[in-house]
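The values are calculated or read from the model by the stated rules, or taken from the named source; none is laboratory data. Quantities reported herein were computed from a predicted structural model and do not represent experimental measurements. Methodologically, a virtual Cβ is constructed for each residue, glycine included, from the backbone with ideal geometry; neighbour enumeration extends over all protein chains shown. In case anyone asks, the SASA skips ligands and DNA or RNA and just uses the protein heavy atoms, side chains included. Shrake-Rupley method; radii C 1.70, N 1.55, O 1.52, S 1.80 Å.
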Amino acid sequence: MRRSGRSSPGIAGALLAVLLSAAAAVSAPAFAQENGEQAPASDVTVSVSKSEVSAFTGDRFTFTSEIDNNGSRATPPLIANLAFVAIDGETYVDPEDWSPERTYTVGPIAAGSSATQTWTVKPDLEGDVAVYVVALPSAPALATTGPLAASPAIHLHVEEHRSLNPGGVLPVVLAVPGVLALAFAGMRVARNKR
Amino acid sequence: MTSLSRSEADLRTPPTQPSGAWMVVAGQELHDIWLSARGPVIVLAFSLLLSLLTYLAAANKELNILDQKDTVNLIMQITLGIGVAVALLFSADTISGERERETFESLLLTPAPRRQIALGKFLAAVSVWPVIMIVAIPYVWALKLGSGLFADAVAAGFVAGTLLTIAFASIGIIVSIFSNSNRLSLATSFFVFVVLLAPTQLPLSGWFGDFIINVNPVTAGSTFLDRVIVKDQGWGEASNLLIAPILAALIASSVAFVIAGRLRLQAGIDR
Amino acid sequence: MRPTGEHGGAAAGTIESAAAQTVLKVDRISKSFGPTTAVRDLSFEVSPGEIMGLLGPNGAGKTTAIRVLSTILPPTSGSFTLSGTPYTQPREVRRQIGVLPESAGYPLQLSGEEFLRYHARLFGHTARAAREVAASLLSEVGLTERASSLISTYSRGMRQRLGVARALVNAPRVIFLDEPTLGLDPAGQRQILGLVRDVAGERGTAIILSTHFLDEVEETCSRVIILNRGEVIAEGSVAEIKRRAAPRTARAHVPPELHERALSALKQASGVSSVDSSDNQRGWLTATFDSAWLDEHREAGMNSVIRSLTDADVPVLSFELEGGRLSDAFLLLTEGR
């Protein structure tokens, strides 16, 4: 049987297209593209540098989070958000009071790259709180977001800190009335003597 | 018998033109305020109050990252309020208190000009303000606001407080001149202060709120402190809020100056 | 108390030569409060060293008069001059007067010395001079030992003495003392009056003494003005006032059995215009003198009554002259007005 020269490239091209599509589908990012495609969630992962923290109220500690793009395409611009959940069912956490910066804008992360964020937490009240970082696309991609990427939670255990000298004000708080009392008493004694 | 270097007659006859009666009166009144229990007790109580406030605020500050300026503002507002109120009450006691203690006639029987008598008493009454302001400074410093903001906070407090002290001490003297009863004088003066202070505790908004804030010297002074300390506004930006305190100080002290020249033994002024 | 000090140089000569001079001249001073006239047409003159009593019942206008003359109150009408200074220059007038007000209060937190120093400074003394003046005056009024004590620890008498000292702090030409002995015991009254006499005599200061204690006036004052409801109802020397007032009577007590003989003897005594005897009180007789005759004969006249009884062999068990006291004159003049 004799093969024509035009039919072999067409079949190869179709096969290649199928293979590429399959590869594209497998390596698609966790979040939908701007054209609305759904994507699997496992391409972006978030990790944190600590798993357990014990602190006193008013103590400050930092940790880092890392957003890894495990996919083959760059992510859209992302928002990294710090979240708190009281796991003891009692502690009221006002995120504003616990951390000065609770969101970062993270630029598109190239495939295979990662981005790191540093977080500062200053617990306000005693209790047990889960602290974690969530990565989500910034608007307008947010409208068609798939599952978010969340880090494992840091178990933050907080105990009440009682300091006798908060902010170092104790010397002033005691000295000023003390000096005044001594001065006035001295004036009184001097007058009585006279 | 005392030994005298000149003839007793010469020493007994005073100069024909006594001057500086206001200094003599002020000196005596300052002696009465600061060497008796009145002034020291008030200043000591004030320092204890500030100590408590500062300690609580600092303890709270360790938990809240952002309210340092609010704490300093609170301390300055309290300093201003107490300083002005005490100066007002001292000045309200000046004339009516002397009438009630029946020591006023002896004072009026001297050749000291009436106006100088009132001026000396006024100066002694307002002396409490700088003392209270100085006592507050270490507390503001202890809250570690940073040197630039510390200087701004202290300067703003001093300016606003001085203007309001002059205004209200003048009002106190005016009320005192027209009162035979010291209780009435104190109550009336304090009532005026409370009426003007009340709007600072109300949520003022809109054009009416702005009007009250700008026209009422107390709300204007309080808002001035708030803008400079908490909202980081410059003095130029917030200076319009000083107009009402300046006008109040000028008008009240002028009225007091005019009527003080016509002091008389009983309440009121000579026609 | 040790009287010290003189008013001006060559004090004795000044007093003598100034005896005829008037240091205070008051001309028809009136003071009204709305429709109420507290003082009406008050006129008098006072010379250096003279002590003039200002008498009157409560509400007569004495304190108002003093307050007008000390420039505390402006007069409604009339005028006065003090050593040539018209009342229209109140500060100049105040520079030359001292006043102890009736309701004088004292700053209880000050010592006596501090109080005097303060007022001396207000009259223009320097600080050093004020200290010396205060020490000298405290010595003069007998308060040196208590100079550093707080006035709150002073008795009323001590406070009054302090008030007199304060009135002297500017070596005044005229001092007004409004009820200076009020509330004092007899010893305290005596002290104050002695001080008043010393001040007038040694310093040549004219003193206006307002009081309703008539004994004080009789004891201390050379002249008297009696006020009632704001008006002057009598003015003159103490003797003149006494004479103008009540008729003179003498009450004699004789043995009851000699009542008739005594009655007859008294009726014949010189200068007696009438004799009254009460049948209910035998032995008691009241003889009324003829005022003009008594003025002429004075004590000798009173002796004639006693002589007439003794000449009639009537023992005089007691004898009392009535109506000759200033208090009688005062009551007569002020009652019923």
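Filtered by the rule that a residue be assigned to a helix (DSSP H, G or I) and modelled with pLDDT of 85 or more, region C:242-290 gives C:P256, C:E257, C:L258, C:H259, C:E260, C:R261, C:A262, C:L263, C:S264, C:A265, C:L266, C:K267.
On the given criteria, is A:S113 in contact with a helix residue (DSSP H, G or I) (Cβ under 7 Å, 6 or more places away or on another chain) and modelled with pLDDT of 55 or more?
Here the answer is no, as A:S113 does not meet what is asked.
Would you check which residues across region A:114-138 are surrounded by fewer than 16 Cβ atoms within 10 Å (Cβ to Cβ) and more than 21 Å from A:K50 (Cα to Cα) and list them? Across region A:114-138, the qualifying residue is only A:S138.
One line per residue, one yes/no per condition, for (1) in contact with a strand residue (DSSP E or B) (Cβ under 6 Å, 6 or more places away or on another chain); (2) surrounded by 19 or more Cβ atoms within 10 Å (Cβ to Cβ); (3) in a loop (DSSP other than H, G, I, E, B):
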site	(1), (2), (3)
C:N170	no, yes, yes
C:L177	yes, yes, no
C:G183	no, no, yes
C:Q189	no, yes, no
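Taking the conditions exactly as written (open to solvent by less than 50 Å² (accessible area, probe 1.4 Å), within 14 Å of chain A (Cβ to nearest Cβ), farther than 17 Å from B:L263 by Cβ and in a helix (DSSP H, G or I)), does B:V140 satisfy them or not? Judged against the criteria, B:V140 is a match.
Please count how many residues of region A:179-194 are more than 7 Å from every other protein chain (Cβ to nearest Cβ) and surrounded by 14 or more Cβ atoms within 10 Å (Cβ to Cβ).
Result for region A:179-194: 1.
In region B:61-71, the condition of being open to solvent by less than 40 Å² (accessible area, probe 1.4 Å) and modelled with pLDDT of 80 or more is met by at least one residue. C:L209 passes every criterion in (1) modelled with pLDDT of 90 or more; (2) in a strand (DSSP E or B); (3) surrounded by fewer than 24 Cβ atoms within 10 Å (Cβ to Cβ); (4) aliphatic (A, V, I, L, M) apart from (3). When the residues of region C:72-96 are filtered to those that are more than 11 Å from B:S106 (Cβ to Cβ) and facing chain B (nearest Cβ under 8 Å), which remaining residue is least open to solvent (accessible area, probe 1.4 Å)? It comes out as C:R94. For A:G168, the conditions (1) under 28 Å from B:A58 (Cα atoms); (2) modelled with pLDDT of 85 or more; (3) facing another protein chain (nearest Cβ under 10 Å) are fulfilled apart from (2). For B:I171, indicate whether it is within 16 Å of the chain's Cα centre (by Cα) and surrounded by 21 or more Cβ atoms within 10 Å (Cβ to Cβ). Considered against the rule, which asks whether it is within 16 Å of the chain's Cα centre (by Cα) and surrounded by 21 or more Cβ atoms within 10 Å (Cβ to Cβ), B:I171 comes out as yes. From the list A:S99, A:S151, the one residue that fits, being open to solvent by less than 40 Å² (accessible area, probe 1.4 Å), in contact with a strand residue (DSSP E or B) (Cβ under 6 Å, 6 or more places away or on another chain) and within 10 Å of chain B (Cβ to nearest Cβ), is A:S99.
Among the residues making up region C:213-241, those that are touching a Lys or Arg at 6+ places or on another chain (Cβ under 8 Å) and in a loop (DSSP other than H, G, I, E, B) are C:R229, C:G230.
Quick one: is A:T45 assigned to a strand (DSSP E or B) and surrounded by 14 or more Cβ atoms within 10 Å (Cβ to Cβ)? Yes, satisfied. Scanning region B:153-165 for residues that are surrounded by 23 or more Cβ atoms within 10 Å (Cβ to Cβ) and either more than 20 Å from the chain's Cα centre (by Cα) or under 13 Å from B:V84 (Cβ atoms) (or both) yields B:G157, B:A160, B:G161, B:L163, B:L164, B:T165.
Are any of the residues in region B:144-152 part of a helix (DSSP H, G or I) and open to solvent by less than 30 Å² (accessible area, probe 1.4 Å)? Checking region B:144-152: not a single residue is part of a helix (DSSP H, G or I) and open to solvent by less than 30 Å² (accessible area, probe 1.4 Å). As a summary of the residue check, C:P107 satisfies the conditions (1) more than 9 Å from chain B (Cβ to nearest Cβ); (2) open to solvent by 10 Å² or more (accessible area, probe 1.4 Å) except for the one numbered (1). The listed residues are C:R117, C:R95, and the only one of them that is farther than 27 Å from B:W34 by Cβ and of a type in the set (K, R) turns out to be C:R95. Name the residues in region C:112-124 that are open to solvent by 10 Å² or more (accessible area, probe 1.4 Å), at the interface with chain B (Cβ under 9 Å from one of its Cβ atoms) and of a type outside the set (G, A, S), would you? If the condition is that a residue be open to solvent by 10 Å² or more (accessible area, probe 1.4 Å), at the interface with chain B (Cβ under 9 Å from one of its Cβ atoms) and of a type outside the set (G, A, S), then C:E114, C:Y118, C:R121 are the ones that fit.
Exactly one residue out of B:V215, B:V194 is open to solvent by 60 Å² or more (accessible area, probe 1.4 Å) and closer than 30 Å to B:T103 by Cβ, and it is B:V194.
Checking C:E216, C:E102 one by one, the residue that is within 11 Å of chain B (Cβ to nearest Cβ) and of a type in the set (D, E, K, R) is C:E102 and no other.
Residues that are at the interface with chain A (Cβ under 8 Å from one of its Cβ atoms) and open to solvent by 40 Å² or more (accessible area, probe 1.4 Å) within region B:42-51 comprise B:L44, B:L48, listed in sequence order.
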